[in-house]
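*Asks:* Okay, here's the structure, questions in a sec.
No value in this document is a laboratory result; all are computed from the given coordinates. Remember, it's a predicted structure, so these values are computed and weren't measured experimentally. Quick reminder, even Gly has a Cβ in these numbers, built from the backbone with ideal geometry, and neighbours come from all protein chains shown.
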Amino acid sequence: MGKHIAALVVLAVISAPGAFAQQPMTRLVPNAGDRDYGLGAQLAFAKGDLWVGTNHHGVIVFDLNENGWVAVDTLLADEEGGKIDIQYVRADSLVALTGGRIVSYTKPNGNWIAGTGIELPNLQVLPQGSGRSYDLISDSLLVVSTSVSATMFSTGYVEIFRLSGTEWSLTQTISPAPTVPDGFTFACSFKDRLVFGAPRDPIVGNQAGSVYVYRRETTGDYVLEQRIYPSDLEEGDQFGRIVACGSTDLAIHSYSGGKTYLYSRADTVWSLSDTIRIPESDNRFLSLKWLGDSLLVRDEQEVSAGSSTWYESTLYLMTDSPNGWQIANAIKNPNAVDIGIETDDGGFGYVSAADGDFLAVSASFRNTAEFEDTGEVYVFRLSELSTSIEEEVPPARSFDLYPNPASGIVLLQGDIGTSESAQIRVFDMLGRSVASRDDLHNGEGRTAVDVSALPTGVYLVSVCSSSNNCNSRKLVVSR
């Protein structure tokens, strides 16, 4: 049990802009000589344990004791190549897909035990090059996203299955309208809503993108509640390529547009509440994950030297503050290996999982001198990651609005312009720019914006420098 894993406790300094605090962690690595292990291909916390998936060796279960995270069990090592797709965790069990079955694992007496399992529904055979993904939303609700290859492009749709006893029945098929290349795929869910991303939706141009939110009716069917896209959407932005559902808010990333949009809901209307950009980054994020009220963002930057080009990953822990969304911490793989002039960080952050106390991050593509994709996993204490930013980190522009509420001229007082040029934008709750001022310079600490032409409502005032150091404030216009 657990014979494949060695646990090493290390203390590393994670270098990042502004020199963040030291971060204690546990590093989990395979034993030497384990070929193509892929440690960290799947991660999940359940009942105090950490489940770590591999490529072909099943799932290693780690328990936290006085010696740190210690391997206590190996599951599914002999089934379907040992691969497992962890779906979700409940208070008393973990639910996964493995070997074409949905299996619920419980821990009644200190050991994990698998149930009998329920077979996935039988589906029609697809043409070569097509694909499916399965997302189990609850014990009785399964969403199957299908991409069907055609000569020039793929079309996509989703099917919703409900379980009665041990039999699945198809209750609804949803396709985007109008039909777009690749359709859309399941992104995330709330208690009574399903969210789908359509990053190739040509709503304002090729691959502009959109997001569809479906609401569950009392009949159990899902109806389209809103098709979301921002007012500044442009061709090629791929809005909706990454979507994350929080406790109440929705985070949507515009991959080529280089911006993350936050939406909140009032009754049945989703409205833009904020945007996030990281300075000195092209903001082409590869993943978003809500950790309570914070966002964990995986950013991968292209690095070039001479004729070589490679990518390096950074995980940013973003928190909302009175000065807007800030970087609370920036995490890199502390054991990245130099390969000549390149660096192999093993796809750090490609998979992650968190509970209330810990964050597990994998580098499942990590190589050794002998083998490729051996993988490794780091476990961080969240309390250690949520550090304050030290003074040398450039703060977001801080300003106040007055009067607020306002009916005519609004004064912005504070850090508006420095040696860099600054730009002020006023957005309505649909994300449309309704007022602006550009090219502010030389440390102007007080700036006026006329909102007399705006109707009564709530607006977002954003101040950004030319290097995308941004901050936002909410403004109420009242007549």
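*Asks:* Most exposed first by the Cβ proxy, i.e. fewest other Cβ within 10 Å, how do VAL449, VAL351 rank?
*Replies:* Listing VAL449, VAL351 from fewest to most nearby Cβ atoms yields VAL449, VAL351.
*Asks:* Run the quick spin-label model on ASP282 and ARG227: label points 7 Å from Cα toward the beta carbon, then report their separation in nm to one decimal.
*Replies:* Each label point is offset 7 Å from its Cα along the Cβ direction, giving 3.0 nm.
*Asks:* Apply the Karplus curve 6.51 cos²θ - 1.76 cosθ + 1.60, θ = phi - 60°, to the phi angles in the range 315-325 and return the couplings in whole Hz, x for Gly and Pro.
*Replies:* Whole-Hz 3J(HN,Hα) from phi for the range 315-325: 9, 9, 8, 9, 10, 7, 9, x, 9, x, 6.
*Asks:* Another one. Sort 127-134, 284-291 for me by packing, meaning the mean count of neighbouring Cβ atoms within 10 Å per residue, highest on top.
*Replies:* The peptides rank, most packed first, as 284-291, 127-134.
*Asks:* Test of understanding: what is the full-extension gain from GLU235 to GLU119, defined as 0.36 nm times their sequence separation minus their Cα-Cα distance?
*Replies:* Result for the pair: 37.6 nm of gain on full extension.
*Asks:* Could you tell me the calculated FRET efficiency between SER433 and ASN109, based on Cβ-Cβ distance and R0 = 60 angstrom, to the nearest 0.05?
*Replies:* After rounding to 0.05, the efficiency reads 0.50.
*Asks:* List LYS107, LYS259, LYS474, LYS191 from most exposed to least, where exposure is judged by having the fewest other Cβ atoms within 10 Å.
*Replies:* LYS191, LYS474, LYS107, LYS259
*Asks:* Something else now. If I stretch the segment between ASP267 and VAL476 completely, what's the gain in nm (0.36 nm per residue apart, minus their alpha carbon distance), one decimal?
*Replies:* Here the segment from ASP267 to VAL476 would lengthen by 73.3 nm.
*Asks:* Still on this model: Taking 7 Å along the Cα-to-C-beta vector as the label spot, tell me the ASP400-SER383 distance in nanometres, rounded to one decimal.
*Replies:* 3.5
*Asks:* Relative contact order for the range 150-277: what is it in percent, counting Cα pairs under 8 Å that are at least 6 residues apart?
*Replies:* 15
*Asks:* Still on this model: Apply the Karplus curve 6.51 cos²θ - 1.76 cosθ + 1.60, θ = phi - 60°, to the phi angles in the range 282-296 and return the couplings in whole Hz, x for Gly and Pro.
*Replies:* Rounded to whole hertz, the list is 7, 6, 9, 6, 9, 7, 10, 9, 7, 10, x, 9, 9, 10, 9.
*Asks:* Let me ask another. Can you compute the modelled spin-label distance between ASP355 and VAL70, with each label point 7 Å from Cα toward Cβ, in nm?
*Replies:* Label at ASP355, label at VAL70, 1.7 nm between them.
*Asks:* Starting from the Cα-Cα distance between GLN172 and HIS56, subtract it from 0.36 nm times their residue separation and give me the gain in nm to one decimal.
*Replies:* 38.3 nm
*Asks:* Counting other beta carbons within 10 Å of each Cβ, put HIS56, HIS253 in order, fewest first.
*Replies:* HIS56, HIS253
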